[in-house]
Each structure stands twice: as structure tokens, then as C-alpha cells.
1. Express in whole angstrom the spacing between the alpha-carbon centres of the range 119-142 and the range 55-106.
2. Please identify the trypsin sites (Lys or Arg not before Pro) of the range 79-131 that satisfy two criteria: DSSP loop assignment and at most 10 other Cβ atoms within 10 Å. Which are they?
3. Computed on alpha carbon atoms, what radius of gyration and Dmax characterise the chain, expressed in Å?
4. With a cut-off of 8 Å between alpha carbons and a minimum separation of six or more residues, what is the relative contact order of the range 42-169 in percent?
5. How large, in Å, is the range 129-173 by the Kirkwood hydrodynamic radius built from its alpha-carbon pairs?
6. Which trypsin sites (Lys or Arg not before Pro) from the range 1-36 combine a DSSP loop assignment with at most 11 other Cβ atoms within 10 Å?
7. Per DSSP H run of at least 4 residues, take -39500 (n - 2.57); add these up for the chain, divide by its residues and hand me the 222 nm value, nearest 500 deg cm²/dmol.
8. With charges set only on the Cβ (+1 for Lys and Arg, -1 for Asp and Glu), what does the dipole of the range 5-128 come to about its Cα centre, in debye to the nearest 20?
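Every number in this text was worked out from the coordinates using simple rules, so none of it is lab data. Model, not experiment: these values are computed from the prediction. Backbone-built Cβ (ideal geometry, glycine too); neighbour counts: all protein chains shown.
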Amino acid sequence: MSLNLEQKKAVVAEVSAAIKGAQAAVIAEYRGLTVAQMTALRAQARAAGVYIRVVKNSLVRRVVEGSSFACLDDHLKGPLTFAASTDPVAVAKVLSEFARANDKLIIKVGAMNGALMTGEQLQALALLPSREVLLATLMRTMQAPAARFVQTLNEVPARFVRTLAAIRDKAQA
């Protein structure tokens, strides 16, 4: 079913708005996937905060033109789905996990900060922990010295109290 000019403009505007703050975008070939499988992929993407859409390649060319994802232009051939997210790990993780379970989804290329990423690089990116896990690890690392310092300061009065309790117990015995 062909789109008229106004519908095409609306699709380009929607996808442009979705990738405006995105840090990474990935294109994957979905040839052979059923509607149920595509619906499952969309649900996983939505849960992870990833924008995913099947868009005509000519419209994607208009969207990425002049953006940091312009390097994807040469790879827009065949039936492709376009995914983007503000969290580069999330978009790579969602598509990689789905591709592992469904061999019909083939991750072609991605782009991050204006650089083209191959499928292997996207697989490596997908193995990284999520943004929340990385932030939690950073906070734990930053908090560790302060926690050890407080623990050391608490040890002095605690040792004193234990010594007084031992003297009291000895005096009572």
C-alpha cells in the first residue's frame, strides 16, 4: 500500500523526532519473520525504551540525511527495520537477543556518534551491562572509600565499649 505525500511527510517527521536525542541507531533485515515475531520484537523494544519501526528505505534516507546517522545511507537496501535509542547498549541488546532467538532477523549495521558499527561491534556492545548497572557500579565504587572511612571511625568507640564491657564482666566475676 502506497503512502501519499502527506503521509510520507508525517512518517519522516515522526522518525526524525524519535532519533533527535538518540545516541545509536541500528538497521536489521527482517525478511522471513512472522507478524507475531515482529510484534514480540516491538514489545521487547518498547519495554527497553527503544524506538523501532519498519520504514521505507527512501524515507529513512531523508531522516538520516544531515544527522549523525548519515553513514547508514549506503546500507539501506532490502526490507529493513530501523531502531534507535538514547541508550546505545539497549538498542544493541534488544536486537541481539531477538536475533539470537530468531535467526531470520539479521543485524546489518549500526551507527553511534557518527561512526558506522558492524554487526560484530554491535554484538560486543550488547554484551556490556545496561546504563543503570554501570551507574550503580560507579556509585558503589565512589561510595566505598567513604564507607570504609566511616567504618574505621566507628571502630574506635566500638572497641572502647567492648573493652569496658570486658572489664565490667571481669570485675563481676
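1. 21
2. On the way: sites: Lys93, Arg100, Lys104, Lys108, Arg131; in loops: Lys104.
Here no loop site has a sparse enough neighbourhood.
3. Answer for the chain, Rg first and Dmax second: 26.2, 97 Å.
4. Numbers: 112 pairs, mean separation 27.5, N = 128.
It rounds to 22 percent for the range 42-169.
5. Values: mean 1/r = 0.0751 Å⁻¹.
Kirkwood radius, the range 129-173: 13.3 Å.
6. Working: sites: Lys8, Lys9, Lys20, Arg31; in loops: Lys20, Arg31.
Passing both the DSSP loop test and the Cβ count: Lys20, Arg31.
7. Computed ellipticity for the chain at 222 nm equals -19500 deg cm²/dmol.
8. Values: 15 positive and 10 negative charges, 67 e Å.
Computed about the Cα centre, the dipole is about 320 debye.
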